[in-house]
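Below is one structure, written out as structure tokens, with a few remarks after it.
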Amino acid sequence: MAEPPKLRVLMVSDFFFPNFGGVENHIYYLSQCLLKLGHKVVVMTHAYGNRSGVRYMTGGLKVYYVPWRPFVMQTTFPTVYGTLPIVRSILRREKITVVHGHQAFSTLCHEALMHARTMGYKVVFTDHSLYGFADVGSIHMNKVLQFSLADIDQAICVSHTSKENTVLRSGLSPAKVFMIPNAVDTAMFKPASVRPSTEIITIVVISRLVYRKGADLLVEVIPEVCRLYPNVRFVVGGDGPKHVRLEEMREKHSLQDRVEMLGAVPHSRVRSVLVTGHIFLNSSLTEAFCIAILEAASCGLLTVSTRVGGVPEVLPDDMVVLAEPDPDDMVRAIEKAISILPSVNPEEMHNRMKKLYSWQDVAKRTEIVYDRALKCSNRNLLERLSRFLSCGAWAGKLFCMVMILDYLLWRLLQLLQPDEDIEEAPDIRLCHQRGVEVSEGLKEEDKVRNG
């Protein structure tokens, strides 16, 4: 039986390392697992500080840090057509077969998907967030999403709640949307060899200190829990605009010795913070999945979380205590968690997480989505424009104009620089010699660069 052809995947998002977060981890771990399955994976993101150009990461993962600077919240300024030349160059240079965009916030993702479809590539989109329908920001973002997803081949959401939300916002057919959850690296996130003493109960919070993550709830919940339980202390990791409010709360209630503020915690140190605690507290107001809960459960912590978005789908009922995003209900949930803490077995919880979540499983399920995308029929420009016309009386016509201009610019680029003139990049072949990975393709490129 003939071996199936290996894919060449371009991951595109504004969010990638050295920035830290759920989307960044998802792209990195998924890429590493796809590489192990024999596919070629390339990542495209914007420059971070002095990190610009081509870099290589573990396993031969090639990353293009394009010279675009972040505009706001780590996203690039929307240029619509400004990224077309570099996207075309990367797609041709790396001989890409599937373009995979991540996160609705990412302007680089939306522009790359648009250009890829103009050039006839198969595209897949993963939505990592939930949005509303009433406020001005959500209405604007939903229209952008409707435009981006009108012509994609397949979509992925990280929870069933997220899938329903994406289908409603974008008007995409549910048959095109797959649910593939996030996962956790259980080899990295494992319980401490010696469990912390329960004489002092430590509740850990690791989150961006912003409104969406429920930082204002923490300001009300922490003092009340400290008042009810003299043997409880909090460890808060993370930074953001709400950091000042938490510091003020600590000063107001004289909790300096019971609430430790760590500031921003690098991902490499998250496990060392988690294993010092007994309970993990998540106070998010909206969440499509929440990888932080998986990391805490893998380290053997009992989780207390708000019942929002896709969070109820993440863990079994005996591993999490859910509460409404209300201070009084969250305090009651913490009281319940403290009462059942003696029955929690960290090692058993860790072993269950190994069976429930695996990045290898996520990669194999993503492979199926890629295969479905490759089987989708190719559409000419007129067929594609009919899809955009259905996006609204005025918006549909505007979207058609945007796509026609994109098509004309692409044809102009082909005249100025034919596809044959774009040099193809050598593939990286990893050889295992005495347990050391040697990248032959990387050596070849270094020789060319160094003359």
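The values are calculated or read from the model by the stated rules, or taken from the named source; none is laboratory data. Keep in mind it's a predicted model, so treat the numbers as computed, not measured. Counting neighbours? That spans all protein chains shown, and the Cβs are built from the backbone with ideal geometry, glycine included. Remember, those area values only see protein heavy atoms, side chains included, never the ligands or the DNA or RNA. Shrake-Rupley method; radii C 1.70, N 1.55, O 1.52, S 1.80 Å.
Quick grid of which residues meet (1) surrounded by 14 or more Cβ atoms within 10 Å (Cβ to Cβ); (2) farther than 12 Å from LEU108 by Cα; (3) within 16 Å of the chain's Cα centre (by Cα):
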site: PHE17; (1), (2), (3): yes, yes, yes
site: TYR28; (1), (2), (3): yes, yes, yes
site: GLY53; (1), (2), (3): no, yes, no
site: GLY59; (1), (2), (3): yes, yes, no
site: TYR65; (1), (2), (3): yes, no, no
site: GLN74; (1), (2), (3): yes, no, yes
site: THR83; (1), (2), (3): yes, no, no
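Which of the residues spanning region 245-271 are exposed (fewer than 12 other Cβ atoms within 10 Å of the Cβ) and without any contact (Cβ under 8 Å) to a residue 40 or more places away in the chain?
If the condition is that a residue be exposed (fewer than 12 other Cβ atoms within 10 Å of the Cβ) and without any contact (Cβ under 8 Å) to a residue 40 or more places away in the chain, then GLU248, GLU251, LYS252, SER254, GLN256, ASP257, GLY263, SER268 are the ones that fit.
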I need the full set of residues from region 331-387 which are open to solvent by 20 Å² or more (accessible area, probe 1.4 Å), under 28 Å from the mean Cα position of the chain (by Cα), hydrophobic (A, V, I, L, M, F, W, C) and farther than 21 Å from VAL177 by Cβ, in order please. LEU356
Which count do you get for residues in region 92-109 that are more than 21 Å from the chain's Cα centre (by Cα) and more than 15 Å from ALA373 (Cβ to Cβ)? 4
Scanning region 230-244 residue by residue, those under 23 Å from the mean Cα position of the chain (by Cα) and buried (at least 18 other Cβ atoms within 10 Å of the Cβ) turn out to be VAL236, GLY237, GLY238, LYS242
Conditions: (1) within 23 Å of TRP359 (Cα to Cα); (2) among the aliphatic types (A, V, I, L, M); (3) without any contact (Cβ under 8 Å) to a residue 60 or more places away in the chain; (4) assigned to a strand (DSSP E or B). VAL54 meets all but one. Number of the miss? (1)
For CYS431: the one exception among (1) open to solvent by 40 Å² or more (accessible area, probe 1.4 Å); (2) under 30 Å from LYS36 (Cβ atoms); (3) at pLDDT below 95: (1)
Is there a residue being open to solvent by less than 20 Å² (accessible area, probe 1.4 Å), of a type in the set (Gly, Ala, Ser), at pLDDT 95 or above and outside any loop (DSSP other than H, G, I, E, B) anywhere in region 147-169? yes
Under 27 Å from the mean Cα position of the chain (by Cα), at pLDDT 95 or above and within 22 Å of ARG269 (Cβ to Cβ): is that true of LEU218 in this structure? yes
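May I ask you to verify whether GLU295 is part of a helix (DSSP H, G or I), of a type in the set (Asp, Glu) and either more than 27 Å from the chain's Cα centre (by Cα) or buried (at least 22 other Cβ atoms within 10 Å of the Cβ) (or both)?
yes
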Scan region 170-184 residue by residue and report those that are buried (at least 19 other Cβ atoms within 10 Å of the Cβ) and not in a helix (DSSP H, G or I). LEU172, VAL177, ILE180, PRO181, ASN182, ALA183, VAL184
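Matching residues to (1) in a strand (DSSP E or B); (2) open to solvent by less than 30 Å² (accessible area, probe 1.4 Å):
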residue: THR186; (1), (2): no, yes
residue: PRO191; (1), (2): no, yes
residue: ARG195; (1), (2): no, no
residue: VAL205; (1), (2): yes, yes
residue: ARG212; (1), (2): no, no
Given the conditions (1) open to solvent by 100 Å² or more (accessible area, probe 1.4 Å); (2) on the phi > 0 side of the Ramachandran plot, and given that LEU415 satisfies all but one, which numbered condition is not satisfied? (2)
Those residues that are open to solvent by 60 Å² or more (accessible area, probe 1.4 Å) and either closer than 25 Å to ARG8 by Cβ or in a helix (DSSP H, G or I) (or both), I need them from region 388-406; list them, please. LEU389, LYS397, LEU398, MET401, ILE404, LEU405
Could you check, for region 125-142, whether at least one of its residues is under 28 Å from VAL362 (Cβ atoms), among the hydrophobic types (A, V, I, L, M, F, W, C), open to solvent by 30 Å² or more (accessible area, probe 1.4 Å) and not in a helix (DSSP H, G or I)? yes
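Please determine whether any residue of region 236-246 is in a strand (DSSP E or B) and on the phi < 0 side of the Ramachandran plot.
Yes, region 236-246 contains at least one residue that is in a strand (DSSP E or B) and on the phi < 0 side of the Ramachandran plot.
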In region 302-323, how many are under 13 Å from GLU348 (Cβ atoms) and not in a strand (DSSP E or B)? 3
Which one is surrounded by the fewest Cβ atoms within 10 Å (Cβ to Cβ) among residues in region 303-330 that are out of contact with any Lys or Arg (no Cβ under 9 Å at 6 or more places or on another chain) and under 21 Å from PRO191 (Cβ atoms)? ASP317
Residue check: is ALA116 open to solvent by less than 30 Å² (accessible area, probe 1.4 Å), touching a residue at least 12 places away in the same chain (Cβ under 8 Å) and assigned to a loop (DSSP other than H, G, I, E, B)? no
Determine whether region 25-48 contains at least one residue that is over 29 Å from LYS364 (Cβ atoms), in contact (Cβ under 8 Å) with a residue 12 or more places away in the chain and out of contact with any Asp or Glu (no Cβ under 7 Å at 6 or more places or on another chain). yes
